[in-house]
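Quick notes on the structure that follows.
Only the coordinates and a few stated rules stand behind these numbers; no lab work does. Just so you know, these numbers come straight off a predicted model, no measurement behind them. Cβ atoms come from the backbone with ideal geometry, glycine included; neighbour counts cover every protein chain shown.
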Ligand code: PEP
């Protein structure tokens with residue numbers, strides 16, 4: 001897979017009018033960008049609207065979560081099968097807000113990851129440490145535990161069809177970004193951990209960085225050897241910022 005990918009995570013934001021304005025500004029600017037892929041992960045109710053606006057553009061779309069079970073008696077939940085029905089290419093799995101606010105365990109995240117793969121969606125598996133964990137020196141142990149839960153459930157080969165996003169929790173929505181050096185160190189650790197199971201899959205695995213990426217810091221982050229693009233929260237709601245970040249993912253001419 002490799003190559004660069006920039007994915008927006010709109011979180012629980014937007015409405016019909018603002019989504020339309022945002023995408024109409026993004027489509028003509030992002031579609032011609034070659035050598036880097038882009039996508040937006042949007043709230044469930046807007047998937048139909050986004051599918052209609054983005055179909056045929058160079059921008060893919062996806063969701064921010066899915067149910068760990070397939071269709072059935074799970075009131076309020078949304079299945080992988082349903083996401084596939086709306087043309088989703090990606091689904092975010094295990095975002096730190098799902099883990100901390102909604103109590104998702106590593107085990108549930110692993111089941112969600114396998115549901116995505118079952119229907120051909122590309123899961124974007126989020127991993128990352130809290131500030132306390134970083135300060136306690138257990139960043140790698142936390143990330144290894146989060147990764148191993150998924151590998152234990154689906155096998156390392158499953159990562160051939162997945163993307164990983166390293167998102168230090170202390171950098172999400174805080175304006176504090178990991179330095180390219182700090183992020184690169186963790187990305188390299190993730191790639192080594194996957195390589196221990198399968199070197200070819202590790203070499204092809206896209207590992208995105210997420211956490212207060214902006215137009216002003218994206219180029220430096222994306223220039224690190226193991227950073228294959230970004231998962232962008234706040235800045236993905238601003239067309240100019242998101243377009244500029246996507247341009248930073250283009251290979252140098
Ligand atoms: C995110 O929500 O995944 C994220 C990285 O948010 P932000 O870019 O706002 O820090």
Among (1) touching a strand residue (DSSP E or B) at 6+ places or on another chain (Cβ under 8 Å); (2) touching a residue at least 40 places away in the same chain (Cβ under 8 Å); (3) away from the ligand (no atom under 12 Å from the Cβ), the one test that residue 189 misses: (1)
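For every residue, the table says whether it meets (1) more than 18 Å from the chain's Cα centre (by Cα); (2) away from the ligand (no atom under 15 Å from the Cβ); (3) within 24 Å of residue 14 (Cα to Cα).
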{"position": "185", "(1), (2), (3)": "yes, yes, no"}
{"position": "195", "(1), (2), (3)": "yes, yes, no"}
{"position": "212", "(1), (2), (3)": "no, no, yes"}
{"position": "220", "(1), (2), (3)": "yes, yes, no"}
{"position": "226", "(1), (2), (3)": "no, yes, no"}
{"position": "230", "(1), (2), (3)": "no, no, yes"}
{"position": "236", "(1), (2), (3)": "no, no, yes"}
{"position": "242", "(1), (2), (3)": "no, no, yes"}
{"position": "252", "(1), (2), (3)": "yes, yes, no"}
Any residue in region 108-127 that is over 18 Å from the mean Cα position of the chain (by Cα) and crowded, with 19+ Cβ neighbours inside 10 Å? no
Among the residues of region 6-43, how many are surrounded by 15 or more Cβ atoms within 10 Å (Cβ to Cβ) and part of a helix (DSSP H, G or I)? 9
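Within region 67-106, which residues are within 16 Å of the ligand (Cβ to nearest atom) and surrounded by 13 or more Cβ atoms within 10 Å (Cβ to Cβ)?
First, pick out the residues of region 67-106 that are within 16 Å of the ligand (Cβ to nearest atom): 90-102, 104.
Hits for region 67-106 are 90, 91, 92, 93, 94, 95, 96, 97, 98, 99, 104.
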